[in-house]
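Worksheet: one structure, shown below.
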Amino acid sequence: MKVVASLIFPLILVLLCEVNGQRRRPPKKRVTPPPVEPVEPTDLPPPLPPGPPSIFPDCPRECFCPPDFPSALYCDSRNLRKVPIIPYRIHYLYLQNNFIEDLPEESFKNATELRWINLDNNRIKKVDKRVLDKLESLVFLYMEKNHLKEIPSNLPPNLEQLRLSRNRISKIAPGAFNKLEHLILLDLHNNELNDAVFNKNTFKGLKNLIQLNLARNILRKMPPGIPTAVHQLFLDKNNITDIPNNYFKDFPNLAFLRLNYNGLTDKGLPKNSFNITNLLVLHLAHNKLTSIPYINPKLEHLYLNDNSIETINGTEVCPTSLFTFQEPSSDLDNVPHLRYLRLDGNHLKPPIPLDLMMCFRLLQSVIF
């Protein structure tokens, strides 16, 4: 028994010393996590790991210069706050998905051959006109989802596409587009443009504009001075309630018109509002219409869903007299061209009126 006690006693002493030692150890310091990268304007991927040196000595270290595409510079999605110095040889510049707030003149002093710039999804509030003055060869300028409050001044005269959607633009300076006779696409959707911004000279100079997007603004009236060369006009999700008489009479090329999600009523539509010679697609969904407006025989797609239409008189709607269809005819040129008609979301009850089907014999799909 004495032998056992003599063995156990030293062991207890050792354990007590260990416990006391642990108690005397200073508490571990709390590790403060590094600050989280801000997620505005987008959740960016982590910076790319450094790769092998570029074969181009002028390639900015924070960007990528593809060996097989020497005229391109990829600086997109790299958590950049500043624009690097752009080499002279670059024609295509990708800077989207960063945190850039301004475009310093120094960065673009050598970039006189740029043809394409993508600056989407940054924090740019203003563009120095001295930067744009140097970019005479620029054809495509993408600045969607930034913090712009007005159209940049001194835009390069050779621009063909200008995309400024999802900004905060509420102002267009007089003469902003005067020199842009080569522009074919102007996208200003999802901004803060109201009726006071537009006058008959706002779009002066846009002689060759094909597509104009003014959707998701705060317009209450049809804007004046729309270029008559336009083929596609988007005015969805505004507050437009009526269309002036003969508004579209000077639009010989208009083929695609969108006026969804407005406040259009029968009273606000003169009878021949959409009797446009070359109109092929007409969107009038989510308005307050109670009847089908008169359409041109060449129209192929008509969207009237989610209005307040209760009845349809096919004879009145038909752009051609039904008497011409009494005998079967192989001459389809004289038959209205409507192929797709959407009427769901109204107060209509089946069946589809026979005179409607008699008129539009080329219909392939009717959503009723």
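Looking at the structure I just gave you, is T202 among the hydroxyl-bearing types (S, T, Y), under 30 Å from L289 (Cα atoms) and either open to solvent by less than 40 Å² (accessible area, probe 1.4 Å) or in a loop (DSSP other than H, G, I, E, B) (or both)?
Values: among the hydroxyl-bearing types (S, T, Y): yes; under 30 Å from L289 (Cα atoms): no; either open to solvent by less than 40 Å² (accessible area, probe 1.4 Å) or in a loop (DSSP other than H, G, I, E, B) (or both): yes.
Criteria not met by T202.
Residues that are crowded, with 19+ Cβ neighbours inside 10 Å, outside any helix (DSSP H, G or I) and not hydrophobic (A, V, I, L, M, F, W, C) do not occur anywhere in region 123-140. Of the residues making up region 347-362, those that are open to solvent by 30 Å² or more (accessible area, probe 1.4 Å) and in a helix (DSSP H, G or I) are L354, D355, M357, M358. Go through the residues of region 152-169 one by one and say whether even a single one is modelled with pLDDT under 95, open to solvent by 50 Å² or more (accessible area, probe 1.4 Å), in contact with a helix residue (DSSP H, G or I) (Cβ under 9 Å, 6 or more places away or on another chain) and part of a loop (DSSP other than H, G, I, E, B). Within region 152-169, one or more residues are modelled with pLDDT under 95, open to solvent by 50 Å² or more (accessible area, probe 1.4 Å), in contact with a helix residue (DSSP H, G or I) (Cβ under 9 Å, 6 or more places away or on another chain) and part of a loop (DSSP other than H, G, I, E, B).
Counting the residues of region 257-286 that are within 12 Å of H301 (Cα to Cα), open to solvent by 20 Å² or more (accessible area, probe 1.4 Å) and part of a loop (DSSP other than H, G, I, E, B) gives 1.
Looking only at region 291-323, residues that are open to solvent by less than 20 Å² (accessible area, probe 1.4 Å), modelled with pLDDT of 90 or more and either outside any loop (DSSP other than H, G, I, E, B) or charged (D, E, K, R) (or both) come to 1 in all.
Filtering K271, K249, K237 for residues that are closer than 25 Å to L206 by Cβ and free of Cβ contacts under 8 Å to residues at least 24 places away in the same chain leaves a single hit, K249.
Take region 337-366 and flag every residue that is under 12 Å from H301 (Cα atoms) and either touching a residue at least 60 places away in the same chain (Cβ under 8 Å) or under 30 Å from the mean Cα position of the chain (by Cα) (or both).
L338, R339, Y340, L341, R342, L343, S365, V366
Select from region 84-102 the residues that are touching a strand residue (DSSP E or B) at 6+ places or on another chain (Cβ under 9 Å) and within 23 Å of K149 (Cα to Cα) and list them in ascending order. Listed by number, the residues that qualify are Y94, L95, Q96. Restricting the search to region 88-103, which residues are within 18 Å of C59 (Cα to Cα) and either modelled with pLDDT under 95 or open to solvent by 10 Å² or more (accessible area, probe 1.4 Å) (or both)? If the condition is that a residue be within 18 Å of C59 (Cα to Cα) and either modelled with pLDDT under 95 or open to solvent by 10 Å² or more (accessible area, probe 1.4 Å) (or both), then Y88, R89, H91, Y92, Y94, Q96 are the ones that fit.
The values are calculated or read from the model by the stated rules, or taken from the named source; none is laboratory data. Bear in mind that the values here come from a model prediction, so they are computed numbers and not experimental data. All Cβ positions, even for glycine, are placed from backbone atoms using ideal geometry, and neighbour counts span all protein chains on display. In case anyone asks, the SASA skips ligands and DNA or RNA and just uses the protein heavy atoms, side chains included. Shrake-Rupley method; radii C 1.70, N 1.55, O 1.52, S 1.80 Å.
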